[in-house]
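The structure appears right after this line, and notes come after that.
The values are calculated or read from the model by the stated rules, or taken from the named source; none is laboratory data. All figures in this text were calculated on a predicted structure; none of them were measured in a lab. Neighbour counts run over all protein chains shown; Cβ positions are idealised from the backbone, glycine included. Please note that ligands, DNA and RNA were not included when accessible areas were found on the heavy atoms of the full protein model with its side chains. Shrake-Rupley method; radii C 1.70, N 1.55, O 1.52, S 1.80 Å.
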Amino acid sequence: MLAKVLVALVISSGLASCSQGFVEFPVTPDQQKTAIENVAIVRLDASNIDTFSQPARGYARSALPVGKASDYRIGSGDLLNVIVFDHPELMLPVGPRGAAEDSGFYVQADGSFNYPFIGEVEAGGRTASDVRAEVAERLANFIPSPQVEVRVAAFNSQRVVVAGEVKVPNSQAITLAPTTLITAINAAGGLTEAADTRAVSLQRGGRLYTIDLAGFLNAGLEQNNPLLRAGDVVTVTRRRAQEAYLLGQISKPAAIDLSQEPITLTQAITRQGGLNETRADARGVFVFRLVNGRMTVFQLETLSPTGLLLGTRFVLEPADVVYVVRSPLSRWNDTISGLLPTVTATRAAQTITN
């Protein structure tokens, strides 16, 4: 009688297992051929692992026009030093601080400044060399062969703004030295830990460009470190989490953030405490990934150290789902464990009846 009750309970438990709270996935090639449709299964081995050893997402080349370094164009608010050699009387008196700012000529709102003898000089939109040539030509009416030098003493007219995930958001002057994206970010204190170097925003002339700065830092793409122009607004965006999900018979199932560095399958599993040795089926470490709209399943067998070594070369992608299935022995043990209370109760009832 007891044997018949035990068999009946095993059969009923086996039928109910399909509705229990765990996922089953066939682990052998024969099972996979007959049980799965419209799913590509890739069994990872030494012959194909190199295909998956680099992140699928490459570095995007910037669509921003590259541009070239050009001479500084003077603007309103700039301070100019105009020096005529051997004629100190043409220089403004030096202030008590002795700074160049105390003896210069400010470019007015209309782009001009006034100079002794020759009067108004147009400087806005011109280079220092252009202004020097005009001043020398006009001074020649008063001074034989004047030797003139024009310098920008203070750069006030042209600025760029750097905001977002930098340590010291600020406004920076455009000077004679070319200002690139990376030098502007460094001048703002550098990136914060939350910065997304894959999507730096640059607003220029009413258009918004997204620049993959990591392409310059990691792959040397020069166009991803463009020269900045006056009026540019750089915003370093906050990094969004890009996660892969570890589920099933893993010691600590969790979501793994992939946004800061590439993480391999073995790394991810190890960081979460490894496989649950008493319950995991070492043949069934699966990575579920959507590739071109089709579900692709990568299978890694970890029965031997070779499998774990292969896993160190398989790079996870955002939205990957890593699932480790239960071993048949574990399912059998769970079934027996669930049956024991019922069997014990049945034996007790039988004893009382007898």
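Descriptive notes on the structure:
- Thr127 accessible area, assembled protein chains, probe 1.4 Å, Å²: 10
- Residue-span extension gain [Glu89 to Asn38] - 0.36 nm each, minus C-alpha spacing: 9.5 nm
- Segment 258-300 - percent of accessible surface contributed by carbon and sulfur, probe 1.4 Å: 48
- Around Gln108: net Lys/Arg minus Asp/Glu count, Cβ-Cβ under 11 Å: -4
- Mean accessible surface per residue for segment 163-297, computed with a 1.4 Å probe while every protein chain stays in place, in Å²: 49
- Residue order for Arg57, Arg326 - accessible surface, 1.4 angstrom probe, largest first: Arg57, Arg326
- Under 10 Å, Cβ to Cβ, from Thr127 - net charge with Lys/Arg +1 and Asp/Glu -1: +1
- Largest accessible area first, the residues Glu277, Glu122 order themselves as Glu277, Glu122 under a 1.4 Å probe with ligands, DNA and RNA left out.
- Spin-label model distance (nm) - Ala163 vs Gln54, 7 Å beyond Cα toward Cβ: 3.7
- Carbon/sulfur fraction of accessible area - segment 135-188, other protein chains in place, 1.4 Å, %: 52
- Local electrostatic count, Ser62, Cβ distance below 11 Å [Lys/Arg +1, Asp/Glu -1]: -1
- Ranking Ser62, Ser251 from most to least accessible surface, computed with a 1.4 Å probe over the protein chains only, gives Ser251, Ser62.
- Val233 contributes an accessible area of around 50 Å² to the protein surface, as traced by a 1.4 Å probe with all chains present.
- Using a probe of 1.4 Å on the protein chains alone, the accessible area found for Asp50 is around 100 Å².
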